[in-house]
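Taking it in order: structure first as structure tokens, then the write-up.
Every number here is computed from the coordinates shown, using simple stated rules; none is lab data. Only a predicted model underlies this, so the values are computations on that prediction, with no experimental measurement involved. Note that we place each Cβ from the backbone using ideal geometry, even for glycine, and neighbour counts take in every protein chain shown.
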Amino acid sequence: MGGFFGVAAKEDCLFDLFFGTDYHSHLGTRRAGMAVYDRQKGYDRAIHNIENAPFRTKFDKDVNAMKGQLGIGCISDYEPQPLIVRSHHGTYAITTVGKINNTDEILKDIFSRNHSHFLEMSGGDINATELVAAIINQKDNLVEGMRYAQEIIDGSMTFLVMTPKGIYAARDRFGRTPVVIGQKEDAFCVSFESFAYLNLGYKDLRELGPGEIAAVTPEGVHTLVHPGKEMKICTFLWVYYGYPSSSYEGVSVEQMRYNCGALLAKRDSVQPDIVAGVPDSGTAHAVGYANASGIPFSRPFIKYTPTWPRSFMPTIQTQRNLIARMKLIPVHDLIQDKSLLLIDDSIVRGTQLRETTEFLYQSGAKEVHIRPACPPLLFGCKYLNFSRSSSEMDLITRRVLKEMEEEGRKIDLKAYVDPDTAEYGDMVERIGKQLNFTSLRFNRLDDMIRAVGIDREKLCTYCWDGRE
């Protein structure tokens, strides 16, 4: 997905920018960058590959060399950024989080307006941040250009634009990703994650609304484009992506996960010896389940993190599967002859969870019951690069449905969204058998929404029910 952090200060902002950006390291896999503006020196920027080393290691030298009163930084899941752009608006830096589904259509339009070229990245794709800058540059001023970008992009796009005067923060038109403002004496910050600035001395000011554009300067925060009425914030932020200490729309990530586990427990009848979370994202859900059920919470395996601290590393799927398995160290006394109930945040491909289950059987487990914290994923995410898979057939649900279709069954996806249908039950049973679980029960969509506790109409649930 990716995350960002920006600072507008009366004095040098590098310390805050460095650590504020680093606090987003759980959100990206590939690139990280910082861009600053200094009243005397002008713009400066550094971008590094973070696939094999954490942000702090790669940017340690840059912190001592860079200086500025304004700065934006990002952890990116794909493209190098922030970019520094020279245009008729003047020079500015830009960083983005989101996904563009209509890239070809936008490129065609921009080329028709005599835009000469775009640089291709190593994979042959256009840098989405460069494309957003090109869209912005079609208009007469930056704010009009930012509004235009929000309007024409199919998908979602939240971005920060830094000029010598300050930082423009623009939240996605439907608020699928968060933008939070913090303040302290002589400085304001803008952040994806609400916890990222707390240890830096900032206090919560407010969250931007969907589609809102605000100017952040050392003197204050001013709304330039008022928020829209419709919001579709990503529910998966609470289930998985968000860091436990974050909050979105006033709802704590950790508390939501406790709620989620508790609701899973209330619908369950199995009586395992222990409840455990697949570290790290399933742990809070498991705590909620254990508290509600009275079944002891335990840690039958421990994730070894000193050399592989980041759960997304590396980017190649086969290597990720291998590393995920290598990181889990069994505690045999808590596994041998035990019935285990495991909660993971979700099942996507199913590969890692199947291997984790086999690993537990080999370590002496008697039973392994699986309880994902969210419903079955039936649709590839259109908005936030949850997965860069080229096909929905990477989803275990779609592969199972394809097998059922090949057996002669007519597939109506609506029937497999509803947890009360026989079709849904058949799909879940087949997934459980394929992955060798003793039993499998997904969280219900209505329960997951209850766990969040905000209006259903304000949540994006597309990956589970196809509802846009």
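Give me the angle, in degrees from 0 to 90, between the Cα long axis of helix 55-65 and the longest principal axis of the Cα atoms of the chain, rounded to the nearest 10.
Between the helix axis and the principal axis of the chain, the angle is about 20 degrees.
Using the scaling law 2.2 N^0.38 Å as the reference, what is the normalised Cα Rg of the chain?
The value comes to 1.01.
On C-alpha positions alone, give me the angle between the axis of helix 422-434 and the longest principal axis of the chain, in degrees, nearest 10.
Rounded to the nearest ten degrees, it is 90.
Between GLU185 and PHE359, what is the label-point separation in nm under the 7 Å Cα-to-beta-carbon projection?
Roughly 4.9 nm, to one decimal.
Pop the C-beta distance of LEU413 and ASN52 into the FRET formula with R0 = 45 Å and round what comes out to the nearest 0.05.
0.70
Treat each spin label as a single point 7 Å out from the Cα along the C-beta direction, and report the HIS222 to PHE195 distance in nm.
3.5
Would you mind telling me the antiparallel percentage of the DSSP bridges in the chain, rounded to 5?
85
Determine the calculated [θ] at 222 nm for the chain from helices alone, applying -39500 (n - 2.57) to every DSSP H run no shorter than 4 residues and normalising by the residue count; nearest 500 deg cm²/dmol.
Only helices count here, giving -8500 deg cm²/dmol.
How would HIS226, HIS115 line up from fewest to most surrounding beta-carbon atoms within 10 angstrom?
HIS226, HIS115
Say R0 is 51 Å: what FRET efficiency, to the nearest 0.05, do GLU468 and LYS10 get from their beta-carbon distance?
The pair GLU468/LYS10 has a calculated efficiency of 0.70.
For the pair GLN434 and LYS402, how long in nm is the line joining their label points, each one 7 Å along Cα→Cβ?
0.9
For ASP446, ASP12, what ranking results if the residue with the fewest other Cβ atoms within 10 Å of its Cβ goes first?
In order of increasing Cβ crowding within 10 Å: ASP446, ASP12.
Please compute the length gained on full extension between ASP109 and MET121, using 0.36 nm multiplied by the number of residues separating them and subtracting their Cα-Cα distance.
Working it through step by step, the gained length comes to 2.3 nm.
Rg and Dmax of region 3-231, using alpha carbons, in Å: what are they?
When restricted to Cα atoms, region 3-231 yields Rg and Dmax of 16.3, 48 Å.
Mind running the shape call on region 1-106? Use the C-alpha gyration tensor, a ≥ b ≥ c as the square roots of the eigenvalues: rounded below 1.5 for a/c, prolate if a/b tops b/c, oblate otherwise.
oblate
Return the Cα extents of region 76-152 along principal axes one, two and three, sorted largest first, each rounded to a whole Å.
32, 25, 22
Which lysines does LYS410 reach when only Cα atoms under 26 Å apart count, and residues fewer than 8 places away in its own chain are ignored?
LYS382, LYS402, LYS433
Place a point 7 Å from Cα of HIS88 in the direction of its Cβ. Which residues in region 118-145 have their backbone N less than 15 Å from it?
Flagged as within label range: 134-145.
Please work out how much length the chain gains when fully extended from ASP204 to LYS366, using 0.36 nm per residue of separation minus the C-alpha to C-alpha distance, in nm with one decimal.
53.5 nm
By how many degrees, 0 to 90 and rounded to 10, does the Cα axis of helix 253-266 deviate from the longest principal axis of the chain?
Relative to the chain, helix 253-266 is tipped by roughly 20 degrees.
For region 209-264 and region 1-21, what is the separation of their Cα centres, given in Å?
Using only Cα atoms to place each centre, the spacing works out to 19 Å.
Please report how far the C-alpha centroid of region 82-114 lies from that of region 341-411, rounded to the nearest whole angstrom.
Their Cα centres are 36 Å away from one another.
Starting from the Cα gyration tensor of region 147-192, take the square roots of the eigenvalues, sort them a ≥ b ≥ c, and report rounded, prolate or oblate (rounded when a/c is under 1.5, otherwise prolate if a/b is larger than b/c, else oblate).
Oblate is the answer for region 147-192, as a/c is 1.5 or above yet b/c matches or exceeds a/b.
Fewest first, what order do VAL225, VAL36, VAL270 take by the number of other Cβ atoms within 10 Å?
Listed from fewest to most nearby Cβ atoms, that is VAL270, VAL225, VAL36.
When the dipole is taken about the Cα centre of the chain, and only Lys, Arg (+1) and Asp, Glu (-1) are charged at their Cβ, what size is it in debye, to the nearest 20?
Dipole size: approximately 440 debye.
Using the Kirkwood formula over every pair of different C-alpha atoms, what hydrodynamic radius in Å results for region 254-465?
For region 254-465, inverting the mean 1/r across all distinct Cα pairs yields 17.7 Å.
If each residue of separation counts as 0.36 nm, what is the full-extension length gain between ARG456 and ARG299 once their alpha-carbon separation is subtracted?
53.2 nm
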